[in-house]
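The values are calculated or read from the model by the stated rules, or taken from the named source; none is laboratory data. Please read all numbers here as calculations on a predicted model, not as lab measurements. Don't worry about glycine lacking a Cβ; one is built from the backbone with ideal geometry, like all the others, and counts go over all protein chains shown. The protein model used for the area step is the full one, side chains on, heavy atoms only, and it has no ligands, DNA or RNA in it. Shrake-Rupley method; radii C 1.70, N 1.55, O 1.52, S 1.80 Å.
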Amino acid sequence: MLRIMAFVLVLWYKKFMDENKNVLVIAGSSQIGIEAIRLMLDGGYRVYATSRNPVDIEDKNLLKYTLDVTDDTSFCALKEKLSDVKFCAVINNAGIAIASPVEFLDEFELQKQLDVNLFGLLRVIKHFSSCLVKDGKIINISSMASYGVYPFLSPYCLSKRAADILLRSFSNEAGIKYVSIRPGAIRTKFWTDSIEQNRENFKKFTGKYENIGKYMLDNARRNSLCALEPAAVGRAVFKALNQKNPKCVINVGLDAHICAFASKFLSEDLLNKFIRMALKLKSRKANEYGK
């Protein structure tokens, strides 16, 4: 009898440990996602990585699935495949960025922005929060844009801020832990992809917006080459995953810390003055560079 009880206990413990080492990663094919997945695999986790594009890693503890975060049917199909799996964490890394002056912002473009960054997170919560083990957590890759200090990126700022509010509200309602990781500029393909996605939108930067449009394009190209390495965000994700009670908000990069400080300690009037001054300076530099 004791042997049987010991055997059952071992099986239960193994199942418990397996459940607490399972992680679901949404949009795992991004460079940040890849960095985080590598650390998790090295740390003994079993990773269920979803993406529209293949995740370029091969490992026995990595299982790959296709998911479109804008399609609820895609979520339903994935949940059915993973119906027997419990996760210690769900990591949402899906995101796009729409750029446009507000007065020329197309409603469809704003909807596209929200469909990925906000409603995508909502779909993650609705379908997979119930698959978390006790003390499991949701980790969302947000952005310093969540502090809302970037003109001409209002769709992106809006979506990131709204997603953080949605996640915080859900956490308080359901009692599920959350972490909002807010990186600054990171050296990834996100910048060049965003330039391509906003090709038509950048045509709206005419007249009084022409110079700032030139600056934004130049800055995006520069960030794709010279910004903080994606491994820094991967390490932040892995640290939050392993901590029992991680901070709700984790800023990554000096620029993200500056944004957090400015939004917290400067009045809105003063902050707006600094933003307008910075825009004038950047616009002037872009004009001089263009000559």
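Report the semi-axes of the equivalent ellipsoid for segment 25-81 in whole Å, largest first, where each axis is √(5λ) for an eigenvalue λ of the Cα gyration tensor.
Computed over segment 25-81, the values are 20, 12, 8 Å.
With all protein chains present, calculate the accessible area of Leu254 using a 1.4 Å probe and round the result to the nearest 10 Å².
About 130 Å², rounded to the nearest 10.
Can you tell me, using C-alpha contacts under 8 Å and at least 6 residues apart, the relative contact order of the chain as a whole percent?
Once normalised by length, the contact order is 18 percent.
For segment 100-106, take each phi angle, set θ = phi - 60°, evaluate the Karplus expression 6.51 cos²θ - 1.76 cosθ + 1.60, and give the result in whole Hz per residue in order, putting x for glycine and proline.
Values per residue, Gly and Pro as x: 5, x, 4, 5, 10, 6, 7 Hz.
Plugging the Kirkwood radius over Cα pairs into Stokes-Einstein for segment 108-187, at a temperature of 4 °C and a viscosity of 1.567 mPa s, what D comes out in µm²/s?
In µm²/s, the coefficient is 98.
Below 8 Å between Cα atoms, with a sequence gap of 6+, how large is the relative contact order for segment 24-89 in percent?
28 percent
Out of residues 5 or more away from Lys137 or on other chains, whose amide H comes under 5 Å of its own, with H placed 1.01 Å from N in the peptide plane?
Sorted by chain and number, the residues that satisfy this are Ala89, Val90.
Pop out the ³J(HN,Hα) list for segment 229-245 in order, Karplus 6.51 cos²θ - 1.76 cosθ + 1.60 with θ = phi - 60°, rounded to Hz; leave Gly and Pro as x.
For segment 229-245, the Karplus-derived couplings read 5, x, 4, 5, 6, x, 5, 5, 4, 5, 5, 5, 5, 8, 7, 5, 10 Hz, x marking Gly and Pro.
Estimate the FRET efficiency between Asn242 and Arg52 by the formula 1/(1 + (r/R0)^6), using the beta-carbon distance for r and 41 Å for R0, to the nearest 0.05.
Calculated transfer efficiency: 0.90.
Subtracting the Cα-Cα distance from 0.36 nm times the residue separation, let me have the gained length for Asp84 to Ser130 in nm, one decimal.
Stretched out fully, the Asp84 to Ser130 stretch lengthens by 15.4 nm.
Going down the table (Lys177/Lys273; Lys64/Lys244; Lys204/Lys273; Lys160/Lys239; Lys137/Lys160), which pairs top 29 Å between alpha carbons?
Values: Lys177/Lys273 36 Å; Lys64/Lys244 27 Å; Lys204/Lys273 24 Å; Lys160/Lys239 22 Å; Lys137/Lys160 19 Å.
With Cα atoms farther than 29 Å apart: Lys177/Lys273.
If you average 1/r across every pair of different Cα atoms in segment 158-290 and take the reciprocal, what Kirkwood value do you get, in Å?
Value: 17.2 Å, from the Cα pair sum.
How about segment 117-215: which GluC sites (Glu not before Pro) there lie in a loop by DSSP and see at most 12 other Cβ atoms within 10 Å?
Answer by residue number: Glu200.
Output the Cα-based Rg and Dmax of segment 97-236 in Å, rounding Rg to one decimal and Dmax to a whole number.
Radius of gyration, then largest Cα-Cα span, for segment 97-236: 16.4, 55 Å.
Find which of Gly136, Tyr150, Leu121 sits farthest along the positive direction of the dipole of segment 104-155, computed with +1 on the beta-carbon of Lys and Arg, -1 on that of Asp and Glu, about the Cα centre.
Gly136
Over segment 50-157, what number does the Rg to Rh ratio reach, with both radii from the alpha-carbon atoms and Rh per Kirkwood?
Working: Rg = 15.9 Å, Rh = 15.5 Å.
Rounded to two decimals, Rg over Rh is 1.02.
Not counting ligands, DNA or RNA, and with a 1.4 Å probe, what is Tyr147's accessible surface area in Å² rounded to the nearest 10?
Probe radius 1.4 Å; accessible area of Tyr147 about 50 Å².
Compare Gln243, Gln113, Gln197 in a GNM of the chain, Cα atoms joined below 10 Å, and give the one with the largest fluctuation.
Gln243
Among Asn53, Asn272, Asn211, determine the one that fluctuates most according to a GNM of the chain built with springs between C-alpha atoms less than 10 Å apart.
Result for the chain, Cα springs under 10 Å: Asn272 fluctuates most.
So how much slack lies between Ile165 and Arg222, counting 0.36 nm per residue of separation and subtracting their Cα-Cα distance, in nm?
Net length gain for the segment: 17.5 nm.
Work out, step by step, the length gained on full extension between Ser263 and Ala278: first 0.36 nm times the residue separation, then minus their alpha carbon distance; give nm to one decimal.
Numbers: separation 15, 0.36 × 15 = 5.40 nm, distance 1.56 nm.
Additional length available on full extension: 3.8 nm.
Can you tell me the dipole magnitude for the chain around its Cα centre, using point charges on the Cβ only (Lys, Arg +1; Asp, Glu -1), in Debye to the nearest 20?
Dipole size: approximately 760 debye.
Which whole-number percent of Cα pairs in the chain have a distance greater than 37 Å? Display every interim value, and only then the final one.
Working: 8021 of 42195 pairs.
That tail contains 19 percent of the Cα-Cα pairs.
Would you mind working out the magnitude of the charge dipole of segment 55-131 relative to its Cα centre, with +1 at each Lys and Arg C-beta and -1 at each Asp and Glu C-beta, to the nearest 20 Debye?
Numbers: 8 positive and 13 negative charges, 106 e Å.
So the magnitude is around 500 debye.
Treating the beta-carbon of each Lys and Arg as +1 and of each Asp and Glu as -1, no other charges, what is the dipole magnitude of segment 202-275 about its Cα centre, to the nearest 20 debye?
On the way: 12 positive and 6 negative charges, 40 e Å.
Roughly 200 debye for segment 202-275.
Do you know the relative contact order of segment 60-218, to the nearest whole percent, from alpha carbon pairs under 8 angstrom that are 6+ apart?
Relative contact order here is 26 percent.
If each DSSP helix of 4+ residues adds -39,500 (n - 2.57) and the sum is divided by the residues in the chain, what number results at 222 nm, nearest 500 deg cm²/dmol?
It lands at -17000 deg cm²/dmol.
Which residues' amide hydrogens lie under 5 Å from the amide hydrogen of Asn22, considering only partners 5 or more residues apart or on another chain, with H built in the peptide plane?
Residues meeting the criterion, in which the H sits 1.01 Å from N, are Arg46, Cys88.
Using the Cβ atoms and a cut-off under 15 Å, what net charge is assigned to the surroundings of Glu268, where Lys and Arg are +1 and Asp and Glu are -1?
Combined, the nearby Lys, Arg, Asp and Glu give +3.
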